[in-house]
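**Q** I'd like to ask you about the structure that follows.
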Amino acid sequence: MKMKKYTAPSIAEAMKQVRAELGEDAVIIYSKVVVTKKLFGLIKHKTFEVLAGVDTIEPPTPIVSEYGHVQNQLLQSAAVSNNNVHKEQESASIELKEEIASLKEMLQTLKKEALQSSLPEELQPFIEYLRRQELNEELITTISDELFAHYKKYNGISNEEIVEIATNLLREKLSSLPISGLSYKKKYVNVLGPTGVGKTTTIAKMAARSVLEKKKKIGFITTDTYRIAAIEQLKTYANLLQAPVEIVYNFNDYKEAIEKFAHLDLVFIDTAGRNYKEVKYVNELKKLISFDDDIESYLVLSLTAKEQDMESIIEQFSEMPIEKFIFTKLDETNTIGTMYNLMIKYNKGLAYYTNGQEVPEDIEEATLEKLLELFIQGEFK
Ligand SMILES: Nc1nc2c(ncn2[C@@H]2O[C@H](COP(=O)(O)OP(=O)(O)OP(=O)(O)O)[C@@H](O)[C@H]2O)c(=O)[nH]1
Ligand SMILES: [Mg+2]
């Protein structure tokens, strides 16, 4: 493949040079905006750099460009390749899919860079901060559009204004969601979630608070019968709180446990952590617990997990009456965007977030104002 770098004052000009020299079959390998600063940054000079290539033997496959007309070229080329794939081996099809996925990712990166470089300098540190928090791109765009509108209207923006505008926007997005701890209106508190996220520990924290602060008579049911250690773990906390524990292997046991606990105010149900990306485990849960009117279910997710994996878990639980999320291990991460992303995407509230292994202290009951406070932390506090 013959490759050459072109620099021009506009992308159209750069493309003209590419076509003139390499012909119509030339493909763009990358393109970027180069900003050079002179006189201590007072004068900015923008040029466009395009790396193009042409294959002399095989038909070219474009890789990426951030500009519309080149994108079209890319999509057309992908479509042509796609047709060919039907005739080719399965492995070729997988390769093509991977290539398209990586092209999309590169395109997304270029778009981000374009948005970033087009923003006034006053806004850039804050937008970078939102990105470090892994807030989703849609939310970042909404926030940056609003900040930019203010900047243009008033010919400038202060850090305080940035924080106020962004916080108000997030407040607006979250204000329709239920954000508060246990309601104490339902007797059964059912805690669901994948393995090791902190379900049992969180139950112990909530239970201790309901005894110490609310003076509730409590009990525990565990359906986690897969590991002896899991039962022992819950029993340890129950003993400390002098509360009874019932171990439930099937729906009959569950019914019996409910009868035994008729005199209690509040019963916490601990479930086994399973790979809830597998639908059969969600179905097993449905058979074991009766999701009636007197039960509120919480889905526990660890903030150290990948957002995409959390999404597939939430989707598996979508048929179940999940009241609110509980996020754990806030202390183990510097990024909190996932909390907001998931709440907004799934229109779900938040009951608690936990920030350590100590029982009962490392738990915080969620409120909208505390969440907004968390959102603007560190350098923007
Ligand atoms: N750093 C940190 N660790 C936590 C937090 N919550 C729980 N853990 C730890 O996470 C580990 C797993 O906690 P468990 O409560 O046993 O988790 P689980 O979801 O019940 O696990 P399984 O029943 O095995 O699915 C323990 O070591 C806890 O101390 C938290 O907020 N921060
Ligand atoms: Mg457990």
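**Q** Between L51 and S118, what is 0.36 nm times their sequence separation minus the Cα-Cα distance? Round to one decimal in nm.
**A** On the way: separation 67, 0.36 × 67 = 24.12 nm, distance 2.15 nm.
So the chain would gain 22.0 nm between L51 and S118.
**Q** Need one number: % antiparallel among DSSP beta bridges in the chain, to the nearest 5. Working shown, then result.
**A** On the way: 21 of 50 bridges.
Expressed as a percentage, antiparallel bridges in the chain total about 40.
**Q** Using only Cα atoms, tell me the angle between helix 11-22 and the longest principal axis of the chain; keep it within 0 to 90° and round to the nearest 10.
**A** Around 60 degrees separate the two axes.
**Q** Among T109, Q124, Q233, whose Cα projects farthest towards the positive end of the dipole of the chain, with charges put on the beta-carbon of Lys, Arg (+1) and Asp, Glu (-1)?
**A** Q124
**Q** A further question follows. How charged is the neighbourhood of T338? Take every other residue with its Cβ under 12 Å from the Cβ of T338, and add Lys/Arg as +1 and Asp/Glu as -1.
**A** On the way: positive: K306, K329, K345; negative: E134, E307, D309, E311.
That sum, taken over residues with Cβ under 12 Å, equals -1.
**Q** Compute the helix-to-body angle for 68-87: its Cα long axis versus the longest principal axis of the chain, expressed 0 to 90° and rounded to tens.
**A** 70
**Q** Another question about this same structure. Starting from the Cα gyration tensor of the stretch 113-176, take the square roots of the eigenvalues, sort them a ≥ b ≥ c, and report rounded, prolate or oblate (rounded when a/c is under 1.5, otherwise prolate if a/b is larger than b/c, else oblate).
**A** Details: a/c = 1.78, a/b = 1.16, b/c = 1.53.
Oblate shape, in that a/c is at least 1.5 and b/c is the bigger or equal ratio.
**Q** Right, something else. Sort out for me the Cα centre separation of the stretch 321-381 from the stretch 236-266, rounded to whole Å.
**A** 29
**Q** Further question on the same structure: For the pairs K5/K306; K255/K329; K255/K280; K173/K277, flag any whose C-alpha to C-alpha distance is greater than 30 Å.
**A** Details: K5/K306 38 Å; K255/K329 33 Å; K255/K280 22 Å; K173/K277 28 Å.
Long pairs (Cα-Cα over 30 Å): K5/K306; K255/K329.
**Q** Further, regarding this structure: Report the charge-dipole magnitude of the chain in Debye, nearest 20, computed about the Cα centre from +1 at each Lys and Arg Cβ and -1 at each Asp and Glu Cβ. Intermediate results must be reported in sequence, preceding the final value.
**A** Numbers: 47 positive and 58 negative charges, 67 e Å.
Roughly 320 debye, rounded to the nearest 20.
**Q** For the stretch 288-381, what does the alpha-carbon gyration tensor say about shape, rounded, prolate or oblate, given a ≥ b ≥ c as the root eigenvalues, a/c under 1.5 as rounded, and a/b over b/c as prolate? Intermediate values should be presented prior to the final figure.
**A** Details: a/c = 1.81, a/b = 1.52, b/c = 1.19.
Cα axes put the stretch 288-381 in the prolate bin.
**Q** While we're on this one: How far apart, in nanometres, would the label points at E361 and A101 be if each is projected 7 angstrom from Cα along the Cα-to-Cβ direction?
**A** Result for the modelled spin labels: 4.5 nm.
**Q** For the chain, modelled as a Gaussian network with Cα springs under 10 Å, which listed residue fluctuates most, L301, L192, L96?
**A** Its mean-square fluctuation being the largest, the pick is L96.
**Q** R0 = 51 Å: FRET efficiency of D265 with R132, Cβ-based, nearest 0.05?
**A** E between D265 and R132, to the nearest 0.05, is 0.70.
**Q** Continuing with this model, one more query. What does the net charge come to around T271 if you take all other residues with beta carbon closer than 12 Å to its beta carbon, with K and R at +1 and D and E at -1? Before the final figure, lay out the partial values.
**A** On the way: positive: K199, R274, K286; negative: D224, D270, E284.
My count for the surroundings of T271 gives 0.
**Q** Helix 199-212 against the longest principal axis of the chain: what's the angle in degrees, Cα atoms only, rounded to the nearest 10?
**A** Tilt relative to the chain: about 50 degrees.
**Q** For the chain, with the dipole built from +1 on Lys and Arg beta-carbon atoms and -1 on Asp and Glu ones, taken about the Cα centre, which of F268, N168, Y352 lies farthest toward the positive end?
**A** Farthest along the dipole direction, towards plus: N168.
**Q** Taking 0.36 nm per intervening residue step and subtracting the Cα-Cα distance, what contour gain separates N334 from R19 on full extension? List each step's numbers first, then the result.
**A** Numbers: separation 315, 0.36 × 315 = 113.40 nm, distance 4.68 nm.
Extending this stretch completely gives an extra 108.7 nm.
**Q** Next question. How large is the dipole of the stretch 238-299 about the Cα centre if only Lys and Arg carry +1 and Asp and Glu carry -1, each at its Cβ, rounded to the nearest 20 debye?
**A** Working: 7 positive and 12 negative charges, 80 e Å.
With Lys and Arg at +1 and Asp and Glu at -1, about 380 debye.
**Q** Using +1 on the beta carbon of Lys and Arg, -1 on that of Asp and Glu, and nothing else charged, what's the dipole of the stretch 188-380 about the Cα centre, debye to 20?
**A** On the way: 22 positive and 31 negative charges, 71 e Å.
Dipole about the Cα centre, nearest 20: 340 debye.
**Q** In the structure shown, do any of K4/K32; K152/K345; K287/K345; K215/K348 have a Cα-Cα gap over 19 Å, and if so which? Intermediate results must be reported in sequence, preceding the final value.
**A** Numbers: K4/K32 14 Å; K152/K345 30 Å; K287/K345 28 Å; K215/K348 29 Å.
Distance filter (> 19 Å) returns K152/K345; K287/K345; K215/K348.
**Q** What is the calculated FRET efficiency for K32 to V279, with r their C-beta to C-beta distance and R₀ = 30 Å, to the nearest 0.05?
**A** 0.10
**Q** With label points built 7 Å along Cα→Cβ from the Cα atoms of S158 and E90, find their separation and express it in nm.
**A** For S158 paired with E90, the spin-label model returns 6.5 nm.
Here, each number is a calculation from the coordinates, and none is a lab measurement. Predicted model only: the values in this text are computed from it and were never measured. Cβ sites come from the backbone with ideal geometry, for glycine too, and all protein chains shown count toward neighbours.
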